[in-house]
Each structure stands twice: as C-alpha cells, then as structure tokens.
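Everything below concerns the one structure shown next.
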Amino acid sequence: MTLDAGGTNLVFTALQGQKQIINEFNLPSNADNLDKCISSIISGFEQVKQKLNQPPAAISFAFPGPADYLNGIIGDLPNLPAFRGGVALGPLLEDKFELPVFINNDGDLYAYGEAIAGYLPYINNLLEKSGSPKRYKNLLGLTLGTGFGAGIVIGGNMHLGDNSIAAEIWLLRDLLNPSTNVEEHVSIRGLRKSYALSSGVKFEDSPTPLELFQVALGKLQGNKVAALEAFHKMAKAAGDAISNAITLIDGLVVIGGGLAGASDIFLPYIIDEMNGNYTSPEGKQFRRLVANVYNLEDQNQLNRFLKGSAKEIPIYNSNKKIKYDPELRIGVGISKMGASRAIFIGAYAFALKMLDEKIKRN
C-alpha cells in the first residue's frame, strides 16, 4: 500500500509486481490540523486494504521532509504545518496496521522508480538494441512543479545522505539572482513571476503554467515574448543547477512533474546551458562539463547519443579486438511514466528491498 502526500491532497493506491492493482484516489491533507491529517492517512490506507484481494505485505510511501525517514519520524514541514516537533508517523502506522512501514522523500522515490522501471532501463534498452557497449547505472531524477525537487540513484541504490537530505537541489544558488536559491526561477511561482515582471502584470494575474505554455506557442492570447522569456529564464537557471549536480553524479538525467509537459520549449535551453563554457582568467574558454550533453527528446540527438563513437581496438600483443566507445556523454530526457507513477513504483521497490534484507538477516 502506498501514498504520495502533498500539502493539498493525499493520493493512495496499491501495487503488486510494479503494477497498480487498484485505482488511485485522493483524500484531503488537512495540512494545518494534525488529528485530521493523520485520520485521513489512516482512513486512506484502510480503504486501500479493503480493496485488496489479499493481505498487504507492507506500507511504503512518499512524505515531505525534513524527516528522520529511517525511523519514520516527520519533522517541521512547510507544506504541512500541522507537523511540528517530531511526529512518529511510521511507528504509529506500524502499530495500527501491524505491517512494516517505510517512508521516504518523494524526490528520492521518484528517482528510484525511474531507475528501477522507468527512464534508466528505457535508455539502456535502446543502447543495447543499437549495439552500443555503453550502459548507465546512475540517475539524477528531477521534478519541476510547485518546487524543484530531486533524487539520486547510484548503482541501483537511492543516495539518501546521513541526514536524509541528499539531493536538495532547490537550495543551489540561482544563476540569475545569486543572492537566493534556484527555486525562485525553477518552479511554478518562479515561472509566473518571470512572466509578470516581463509583461508588466500583477503576479496574481499571471497565467497558469499550462496557459503560459499555450501563450508561448501562440495558441492563446497573451504576451508571447514574455512567456517565452519566462521559460528560457527557468531553463537557464535549471541548466546551471543540473550541471552543478551532475558533475558530482555522472549519470542520466530525467525530468518529471507538472512543468515537464512544456519541455519542447525549455529543454533545448537546458541542454545549451549544460553544454556551455567557462572562461579562464586568461580569456580561454573550456567546457563546463567534461561529458557531452544530449537532448534525448530530440530524435537526431538521441540517435547520436545511442551511436556514440564506438569502434573496435586491438588488444595489445594479441590478435583479438575489443569494442571501445571513447565519447563521454550524458543524456537528459522527460519521464515516460510521470512523476506520481514513478514515486509509487519507487516506494514499492524500496519496500521489497527492505523486506528482502530483513529476511536475509533472519
């Protein structure tokens, strides 16, 4: 049984064999009332349990942080202000349902789901079909929406950090306004704020992201130039932050979330920023990233990414040859399954992993 918790809604479902076996449903979060919020969580899982044909094995779900996820204790949450001073949500649910309970950050579970059954195996399958020897094991998963979230998977394992706060990409510096963090441009509010400033309208009168996308395409009346500029600013700030993060991770990048649907407009600019240059004090330019960066949503770039520079080289002092691809490259693409489904699959896979480890220990 699983849950994707947000400040407005709690989204419940259940999975088996990485597939949803009941239709997901929503209950209100009651973000400012702890009793009502916990009652909604318990009620949601009770409803899920009633819909199942067999007893559930575990509860595993996404919940906002900061939190001591390992022990199931939720800290002081900005989007769920009822949670203050430490709330032992995991132990409470374990007592109530007599099941193992696993809680993680939504960004971490999103990246894990994409690594298990989403973008990572999708690209590796394409590489295999193309005859490339290249395979990817590491992934940076990003969500663009209300905020700018991230998760990291290294060698098939979620990288959580010692304080369960790894991959807090929203706290990287904003390239366009270095006195603040990148989420001020890379978020729904950042996008609307950029449009409002460029077009001279009040923030509250700024269109929704979907409307801005339509305005930018010329399909809806509005300031097309300002809409395009808002997406380009978001992409430039995001591209800089992603470049900083991927320098330390070296893997594929997959983007999901509510703003991902506008990727035709902003993704090429993210790629341009990542393929940009630094300038040395002597005036010489050099690449900001060692690897070449490809837009995997562009068919021509995807083909070049898959092909790489593979060739056969002789093994020294032997008649044998070996395939070698010297091109260092990473790709950036858009989630094929969507953030919510990836989170559910990540929660499911994490629970199975933890249950397997428990069996081995016993």
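The values are calculated or read from the model by the stated rules, or taken from the named source; none is laboratory data. Keep in mind it's a predicted model, so treat the numbers as computed, not measured. Please note: Cβ atoms are built from the backbone with ideal geometry, for glycine as well, and neighbour counts cover all protein chains shown. The accessibility values were calculated without ligands, DNA or RNA, using every heavy atom of the protein model including side chains. Shrake-Rupley method; radii C 1.70, N 1.55, O 1.52, S 1.80 Å.
Given the condition open to solvent by 70 Å² or more (accessible area, probe 1.4 Å), assigned to a helix (DSSP H, G or I) and more than 24 Å from Leu352 (Cβ to Cβ), answer yes or no: does some residue in the stretch 159-167 qualify? Scanning the stretch 159-167, I find no residue that is open to solvent by 70 Å² or more (accessible area, probe 1.4 Å), assigned to a helix (DSSP H, G or I) and more than 24 Å from Leu352 (Cβ to Cβ), so the answer is no. Exactly one residue out of Gly141, Gly190 is touching a helix residue (DSSP H, G or I) at 6+ places or on another chain (Cβ under 7 Å), buried (at least 18 other Cβ atoms within 10 Å of the Cβ) and either of a type in the set (Lys, Arg) or assigned to a strand (DSSP E or B) (or both), and it is Gly141. Counting only strands (runs of 3 or more DSSP E) that fall entirely inside the stretch 22-116 and contain at least 3 residues that are in contact (Cβ under 8 Å) with a residue 40 or more places away in the chain, the qualifying elements are 59-62, 101-104.
Condition check for Asn30 on (1) open to solvent by 20 Å² or more (accessible area, probe 1.4 Å); (2) out of contact with any Lys or Arg (no Cβ under 7 Å at 6 or more places or on another chain); (3) farther than 29 Å from Val254 by Cα: one failure, at (2). Just so you know, in the stretch 312-337 the residues that are in contact with a strand residue (DSSP E or B) (Cβ under 6 Å, 6 or more places away or on another chain) and charged (D, E, K, R) include one that is farthest from Leu142 (Cα to Cα), and it is Lys321. Could you count how many residues in the stretch 327-356 are open to solvent by 50 Å² or more (accessible area, probe 1.4 Å) and more than 28 Å from Val11 (Cα to Cα)? Here the count works out to 1. Counting the residues of the stretch 90-134 that are among the small types (Gly, Ala, Ser) and more than 24 Å from Ser164 (Cβ to Cβ) gives 3. If you scan the stretch 158-180, which residues turn out to be at pLDDT 95 or above and polar (S, T, N, Q)? Correct list: Asn177, Ser179, Thr180.
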